[in-house]
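*Asks:* Have a look at the structure that comes next, please.
Read the figures in this text as sums done on the coordinates, not as results from a lab. Because the structure is predicted, anything quoted here is derived from the model rather than measured.
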Amino acid sequence: MGSWGSGHFDSDTAADHLAELVDRLVTEVEKAVSGDPVRLEPDEYWGVAVPCNLELLLTLDAQGWVGVTLPPPDAVRRWRTTYLAAWERGIDALEPTPEYRKERRAVLDDTFERLIAAAGRR
């Protein structure tokens, strides 16, 4: 395997490792949005973990490392539709303040939009 620099992510092995990590993050999101929508509600594990995975994908992509391949924009758009529908169905039952509800929705929208844009650049 080749190496092209002295950094932690400057080798074929590191690129393979990153590809596996990214694949795990993408696969988890795909399984979550393809499964029972109740699992995506704001107080459920995947309701919290999906946006975390999206932000991790964005963070890895921003580094420009070899091995980071984002899903196609259409897949992220589908994820957004499914995820946000579940979020909207479940958030009011948690009785958030109007300010929190508005701010959290803006953060979620921004995360999906940034990932769609990043995926489109790849």
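*Asks:* Can you give me the span-like helices of the chain, meaning DSSP H runs with 18 Å or more of Cα extent along the axis and Kyte-Doolittle mean at or above 0.5?
*Replies:* Flagged H segments are 45-62.
*Asks:* Quickly estimate the mean residue ellipticity at 222 nm for the chain, helices only: each DSSP H run with n ≥ 4 gives -39500 (n - 2.57), and the total goes over all residues, rounded to 500.
*Replies:* -24000 deg cm²/dmol
*Asks:* Quick one: grab the alpha carbon gyration tensor of the chain, order the square roots of its eigenvalues as a ≥ b ≥ c, and give me rounded if a/c is under 1.5, else prolate or oblate depending on whether a/b is larger than b/c.
*Replies:* prolate
*Asks:* Can I ask one more? List every residue whose amide H lies under 5 Å from the amide H of residue 11, counting only residues 5 or more places away in sequence or on a different chain, with H placed 1.01 Å from N in the peptide plane.
*Replies:* 4
*Asks:* Using 0.36 nm per residue, how much length does the chain from residue 43 to residue 6 gain when fully extended, once their Cα-Cα distance is taken away?
*Replies:* 9.0 nm
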